[in-house]
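Q: This is the structure I want to talk about, given as structure tokens.
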Amino acid sequence: MKFFIDTADINEIKQAHDLGLIDGVTTNPSLIAKTGKPFKTVAKEILKIVDGPISLEVIATESSQMIKEARTLAKIHKNVVPKIPLTLEGLKAVQVLSSEGININQTLCFSATQALLCAKAGAAYVSPFIGRLDDISSDGMKLIEDIVTIYKNYQFKTQVLVASIRHPLHVSGAAKLGAHVATMPFKVIMQLVKHPLTDLGLNQFLNDWKNVPKNKIS
Ligand code: E4P
């Protein structure tokens, strides 16, 4: 399972990268806006740090404009994966771009039928937003189960990129279902390693070690 970081914050990306914990990055217009920096500046900074798929979202909503924008994004760097919303116009754009060999991450997926259409259009990734489904009392993880089953049934190559992850249970749940990628905020990446019993156990070991008789240095 690949781990992507879902942020445009350069410090967080650097930290996660230096820890060797991430394989790629996903951004969206809201995350870019939070940085207060111009889009291309942020994109170039990210591309310098991480050598893996970097999702950058198009702003256009009409297919021919989406195609134009996505082609421009793809030309920035081989690692750029243009992100296109899962609308009818988005599906038209994905069909064209995929046939040109451009890897697309189709985003804002909230149903199994949307994911099926996205795979048929040839997207490299589908991004189901599970946290936002949970937020409205729908079962986000059930959507992942449905998509993984459908893709297996027809051997679709589209990778399931689980997005809108809120906590470690989302990550382990997605991993149990065999999702290809989990994209998560820096905070969740840090939570993955933490366990109070690990900290308690380590403290106890180090304290007990103080009681071990020391050999004399010869
Ligand atoms: C994914 O690509 C999106 O950027 C992201 O996961 C959305 O998450 P949110 O629902 O926490 O905004």
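Q: Starting from the stretch 26-40, keep only residues that are more than 12 Å from the ligand (Cβ to nearest atom), then list their pairs with residues that are hydrophobic (A, V, I, L, M, F, W, C) and assigned to a helix (DSSP H, G or I) whose Cβ atoms are within a distance under 8 Å, requiring at least 6 positions of separation or different chains.
A: 35/10; 35/42; 39/32; 40/76
Q: Can we say residue 198 is open to solvent by 60 Å² or more (accessible area, probe 1.4 Å) and of a type in the set (Ser, Thr, Tyr)? Write out each step before concluding.
A: Working: open to solvent by 60 Å² or more (accessible area, probe 1.4 Å): yes; of a type in the set (Ser, Thr, Tyr): yes.
The answer is yes for residue 198.
Q: In the stretch 50-63, what residues are more than 16 Å from the ligand (Cβ to nearest atom), touching a helix residue (DSSP H, G or I) at 6+ places or on another chain (Cβ under 8 Å) and open to solvent by 30 Å² or more (accessible area, probe 1.4 Å)?
A: Going residue by residue through the stretch 50-63, those that are more than 16 Å from the ligand (Cβ to nearest atom) are 51, 60-63.
Add one more test, that the residue is touching a helix residue (DSSP H, G or I) at 6+ places or on another chain (Cβ under 8 Å), and what stays is 60-63.
61, 62 - these are the residues of the stretch 50-63 that are more than 16 Å from the ligand (Cβ to nearest atom), touching a helix residue (DSSP H, G or I) at 6+ places or on another chain (Cβ under 8 Å) and open to solvent by 30 Å² or more (accessible area, probe 1.4 Å).
Q: Pairs only if they're at least six apart or on different chains, beta carbon under 9 angstrom, first in the stretch 165-186 and aromatic (Phe, Trp, Tyr), second within 11 Å of the ligand (Cβ to nearest atom); list them, first residue then second.
A: As it stands, the answer is 186/5; 186/6; 186/7, since those pairs meet every condition given.
Q: For the subset of the stretch 88-113 comprising residues that are within 16 Å of the ligand (Cβ to nearest atom), open to solvent by 50 Å² or more (accessible area, probe 1.4 Å) and free of Cβ contacts under 8 Å to residues at least 40 places away in the same chain, which member is nearest to residue 147 (Cα to Cα)?
A: Here the residue is 110.
Q: Within the stretch 70-77, identify whether any single residue is within 23 Å of residue 109 (Cβ to Cβ), among the small types (Gly, Ala, Ser) and within 13 Å of the ligand (Cβ to nearest atom), and answer yes or no. Don't jump to the end; show me each part of the working.
A: So in the stretch 70-77, the residues within 23 Å of residue 109 (Cβ to Cβ) come out as 70-71, 73-74.
Cutting the leftovers down to among the small types (Gly, Ala, Ser) gives us 70, 74.
In the following step, the residues that additionally are within 13 Å of the ligand (Cβ to nearest atom) were identified as none.
No; the residues of the stretch 70-77 include none that is within 23 Å of residue 109 (Cβ to Cβ), among the small types (Gly, Ala, Ser) and within 13 Å of the ligand (Cβ to nearest atom).
Q: How many residues are closer than 20 Å to residue 108 by Cα and either of a type in the set (S, T, N, Q) or open to solvent by 70 Å² or more (accessible area, probe 1.4 Å) (or both) if we restrict to the stretch 1-38? Spell out how you get there, then give the answer.
A: Going residue by residue through the stretch 1-38, those that are closer than 20 Å to residue 108 by Cα are 2-8, 24-34.
Imposing the further condition that a residue be either of a type in the set (S, T, N, Q) or open to solvent by 70 Å² or more (accessible area, probe 1.4 Å) (or both) reduces the set to 2, 7, 26-28, 30, 33-34.
Number satisfying all stated conditions: 8.
Q: If you go through the stretch 159-166 one residue at a time, do you hit one that is in contact with a His (Cβ under 9 Å, 6 or more places away or on another chain), open to solvent by less than 20 Å² (accessible area, probe 1.4 Å) and among the polar types (S, T, N, Q)?
A: Filtering the stretch 159-166 down to residues in contact with a His (Cβ under 9 Å, 6 or more places away or on another chain) leaves 159-162, 164.
The next check asks that each one be open to solvent by less than 20 Å² (accessible area, probe 1.4 Å); those that pass are 160-162, 164.
Next, only the ones that are among the polar types (S, T, N, Q) stay: 164.
Yes.
Q: Now a separate question. Give the number of residues within the stretch 1-20 that are of a type in the set (A, V, I, L, M, F, W, C) and either assigned to a strand (DSSP E or B) or modelled with pLDDT under 95 (or both). Explain how you work it out, then say what you get.
A: Of all residues in the stretch 1-20, those of a type in the set (A, V, I, L, M, F, W, C) come to 1, 3-5, 8, 10, 13, 16, 19.
Checking the rest, the ones that are also either assigned to a strand (DSSP E or B) or modelled with pLDDT under 95 (or both) come to 3-5.
Adding up the residues that qualify gives 3.
Q: What number of residues within the stretch 159-195 are over 19 Å from residue 110 (Cα atoms), within 13 Å of the ligand (Cβ to nearest atom) and small (Gly, Ala, Ser)?
A: Here the count works out to 0.
Q: Can you work out which of the residues in the stretch 127-158 that are more than 9 Å from the ligand (Cβ to nearest atom) and within 19 Å of residue 28 (Cα to Cα) is most open to solvent (accessible area, probe 1.4 Å)? Steps first, please.
A: Taking the stretch 127-158 as the starting set, the residues that turn out to be more than 9 Å from the ligand (Cβ to nearest atom) are 128, 133-134, 136-158.
Narrowing further to those that are within 19 Å of residue 28 (Cα to Cα): 128, 133.
Values: 128: 0, 133: 18 Å².
Ranking the qualifying residues of the stretch 127-158, first place goes to 133.
The values are calculated or read from the model by the stated rules, or taken from the named source; none is laboratory data. Computed from a predicted structure; not experimentally measured. Please note: Cβ atoms are built from the backbone with ideal geometry, for glycine as well, and neighbour counts cover all protein chains shown. Areas reflect the complete protein model, heavy atoms only, side chains present, ligands, DNA and RNA absent. Shrake-Rupley method; radii C 1.70, N 1.55, O 1.52, S 1.80 Å.
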